[in-house]
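Notes follow the structure.
The values are calculated or read from the model by the stated rules, or taken from the named source; none is laboratory data. Nothing here was measured: the structure is a model prediction, and the numbers come from that model. No Cβ is skipped: glycine too gets one built from the backbone with ideal geometry, and neighbour counts run over all protein chains shown. Heavy atoms of the whole protein, side chains included, go into the accessibility calculation; ligands, DNA and RNA do not. Shrake-Rupley method; radii C 1.70, N 1.55, O 1.52, S 1.80 Å.
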Amino acid sequence: MAVDDADFEGRTAFITGTSRGIGKAIALDLADRGVNVVSTGKTVDGREDLPGTIVETTEEIRERGGNSIWCQLDVRDDDSVRTAIDETVDAFGGIDFVVNNAGAIHIAGFEDTPPKRFDLLMDVNARGAYATTHAALPHLRESDRAHVVTFSPPMPARPAPGKVAYALSKYGMTFIAQSLAGELAADDIGVNALWPVAAIESEATRHFGMGAPEDWRTPQIMCDAVGELFSRDPTDCTGNAFYDEELLSEAGVDDFSSYAVVEGSDPGPMSAQLFDPDYER
């Protein structure tokens, strides 16, 4: 999808959770468009069982000719968040885009989700997005194209038995985004939520057994959706909870086949139906 990269040249994006998966893909994509990228997350040292680190993401961006720094970040720790934001501003002079991608996943019933796990989900997902955006806000106000996006689904059509803790933490991210959109409208900051219709290939989808490769799309669909979102005027595009297909369709995309992990497959709406069982294209 063609987006005018002039909208991105010299901007700065603070992205949480860039060691691998969607976060890393978006970091590379935005850097290729000329954005200064801040690669953040907890993983600095590599692990045999979990590939990728924030350092490797920054190194890959630099090898491709882009600008990037990495900051070790725990979104549950307010001091860690503030330090990473300060390092970003010291390096690049400001912040234009915040991508709240870092997330914890635990899809299980009530009995199998102890309160400690509930706290982790809420702290990483809802509170993490809140804390990161709060720390970045003074710098977003200085930007003339400020956008915040949380990776979370539209608000619920119904309760979520079997995954109440995870659903509440993700709905919390959307509630925060849509509430902040109204509160920050006078500051010309666009705040939106974005969620994929189909499952996206990642370590998470593989680890949690979310279908097979023919059920997945590549992270590029989320990269293109974020590019489209950030190319829009934040004063006109705010307070939405978009599906990736919806956003890209508005931009003129009518063929999503290129995003399929398995050529010729047509991934179903697994990710949308995780929260809205009645969802249909």
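For this structure, a couple of remarks:
- Carbon + sulfur, % of accessible area of the chain - ligands and nucleic acids excluded, 1.4 Å: 47 percent
- Look at the dipole of the chain built from charges on Cβ: of Pro114, Val148, Gln178, the Cα furthest out on the positive end belongs to Pro114.
- Look at (1) 26, 22, 20; (2) 35, 20, 17; (3) 35, 25, 18: the one that is semi-axes √(5λ) of the Cα gyration tensor in Å derived from this structure is (1).
- Bridging of Lys42 to aspartates and glutamates at a Cα separation below 20 Å is possible for Glu56, Glu59, Glu60, Asp74, Asp77, Asp78, Asp79, Asp86, Glu87, Asp119, Asp123, Glu203, once same-chain residues fewer than 8 apart are set aside.
- FRET efficiency, 1/(1 + (r/R0)^6) with R0 35 Å, evaluated for Asp90 and Glu203 via beta carbons: 0.65
- Gain on full extension, evaluated as 0.36 nm per residue between Asp112 and Asp233 minus their Cα-Cα distance, stands at 39.2 nm.
- Farthest toward positive dipole pole in segment 12-274 [+1 Lys/Arg, -1 Asp/Glu at C-beta], among Leu28, Thr58, Gly268: Gly268
- Per residue accessible area in Å² of the chain, where ligands, DNA and RNA are left out and the probe is 1.4 Å: 44 Å²
- Counting only residues at least eight positions apart within a chain, or on another chain, the lysines with an alpha carbon under 22 Å from that of Lys163 are Lys116.
- Extended-chain gain in nm, criterion 0.36 nm per residue less alpha-carbon gap, Ser265 and Asp79: 62.4 nm
- Fluctuation leader among His207, His139, His106 - the chain, Gaussian network, Cα springs under 10 angstrom: His207
- Calculated on the Cα set of segment 53-108, radius of gyration then Dmax: 13.2, 43 Å.
- For the pair Ser258 and Arg141 in one chain, pulling the backbone fully straight at 0.36 nm per residue adds 38.4 nm over the alpha carbon distance.
- Candidates Met173, Met155, Met222, ranked by Gaussian network fluctuation over the chain, Cα under 10 Å, top entry: Met155
- Basic side chains Lys and Arg get +1 at the Cβ, acidic Asp and Glu get -1 at the Cβ, and with that the dipole of the chain about its Cα centre reaches some 840 debye.
- Listed residues Val44, Val226, Val81, most fluctuating in the chain (Gaussian network, C-alpha, under 10 Å): Val44
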